[in-house]
């Protein structure tokens, strides 16, 4: 107890002494403390704000820095408002004259801010970074020749070949009686010269009597020995000839006439013979019936060759020509095809259906195709034989004796083999001697490329192979409604929008009339992404058809944001 007594008061005195040592802060000290705390907070906020502004206005700051760091000559050129660019590669822009580092073409001069004029036929130019091409899945396909054919399918009816159809009328004057009928039902097969019926006519009997009398008198004339006597009696053989001609006009043959004269038959009946071999498709008489002159007694058709009469729409007429091979099918023989060809196109068009009737001729062995059947006709027309391509090929110079095109004038060549642009669009055409012949190019940058790879570029001047046309995949075509555009890979990562003239789509490909050359590569996958980029970015937007296509030069999509902004800001950093 005595040991713990003095410790209690000592323990209680310690906090009191510590409290007594603390000196209270003055008002001024408290104010300074508050100011320091606020200052620290404001420094942090200011640092964050400066960092954000630096990121937001980095392009502007970089432009000013670049402007301050330029040499005096470049700053003077910037003040003058003149710059130099490459018409083939608008992304190449310099403040001093020189040559394009990509194609070697002399740089053209323009005012700063002036839009770049793209070559004729080029609607836009887009440059994509390599990783953006992979992200978008853009793939290219080579433009080449292919044997495309347009397929036309139509339906029609099997009918008679009108050239193998015969009507047998009564040729005897007046009324005749059917004495005997050899063909007494429709559908019977007959051969040429086979009897069909026998007719008796009073006028025929009288004509035969006249023939017999004339023949008898002509025989008596042979007994007159002197020429004077024969001249006095006249040449009665002429009467025999005239009487025989009369009977021939009634359908009696010379053999039957000789039989009448030899046997002196006056009760002769006319035997009606079939003029062709075929099938009796109409029989308009019965035995004992009286028929008048020109009455159609029989109609015979040769069904070994038939026609299919079908209709072709007005817009499909260019696919059909006489002599073209076709294939026909009928429901009676599924899976079996009947070959034939186009034999005739009617010269008139039905205004109610806007169709033209076409007659397809087919051989009909075994008479399996029967008139009245429905038939489906399919014909394939090579695109190279269509009128639009025939006109184009007719204007294309043909190969010379050595298998190559002869030297052409600039007007005959029309397009540059390197850039495929129209000659004259980049200035006066430049002639080049390659492999012993003169070739025209669009600018001074093309001859070195042409001489480096003559086989590649000269192939574009050669005529197309037989029955083949230039074609592109359907996925490569951007159809705006008023025109069709494809994006050509001018260089790795650089795509040019080019307006083309195409034919009708065939399967998954379009035949090309104008705008492309063999060997060029087009964006077959992802073309719509390139087109979308050209429309979103004003510098690469396609020009209207009325105005000259142009742009301020495409930024490289996929690079840092500073690159695209610098390309469109006055005084920006130039490539």
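The values are calculated or read from the model by the stated rules, or taken from the named source; none is laboratory data. Every value quoted in this text rests on a predicted model; they were computed, and no experiment measured them. Virtual Cβ from ideal backbone geometry, glycine too; neighbours counted across all protein chains shown.
Number of residues in the range 276-285 that are part of a loop (DSSP other than H, G, I, E, B) and either more than 60 Å from the chain's Cα centre (by Cα) or buried (at least 19 other Cβ atoms within 10 Å of the Cβ) (or both) equals 1. With the condition kept exactly as written, say whether any residue in the range 42-49 is surrounded by fewer than 14 Cβ atoms within 10 Å (Cβ to Cβ), over 30 Å from residue 427 (Cβ atoms) and at pLDDT below 85. No - not one qualifying residue is present in the range 42-49. Within the range 297-312, is there a residue that is farther than 30 Å from residue 346 by Cβ and either touching a strand residue (DSSP E or B) at 6+ places or on another chain (Cβ under 7 Å) or assigned to a strand (DSSP E or B) (or both)? Looking for residues that are farther than 30 Å from residue 346 by Cβ and either touching a strand residue (DSSP E or B) at 6+ places or on another chain (Cβ under 7 Å) or assigned to a strand (DSSP E or B) (or both), one finds at least one in the range 297-312, hence yes. Every listed requirement among (1) without any contact (Cβ under 8 Å) to a residue 24 or more places away in the chain; (2) closer than 20 Å to residue 531 by Cα is met by residue 488 save one, (1).
For the range 243-275, the candidate set comprises residues that are under 16 Å from residue 173 (Cα atoms) and part of a helix (DSSP H, G or I); within that set, the residue that is farthest from the chain's Cα centre (by Cα) is 243. Screening residue 437 with (1) touching a strand residue (DSSP E or B) at 6+ places or on another chain (Cβ under 8 Å); (2) without any contact (Cβ under 8 Å) to a residue 60 or more places away in the chain gives one miss only, at (1).
Can you give me the ranges of the strands (runs of 3 or more DSSP E) entirely in the range 436-533 with at least 2 residues that are more than 15 Å from the chain's Cα centre (by Cα)? Break it down stepwise before answering.
Details: elements: 437-441, 469-473, 484-491, 494-502, 509-514, 521-525.
Passing ranges, in order: 437-441, 484-491, 494-502, 521-525.
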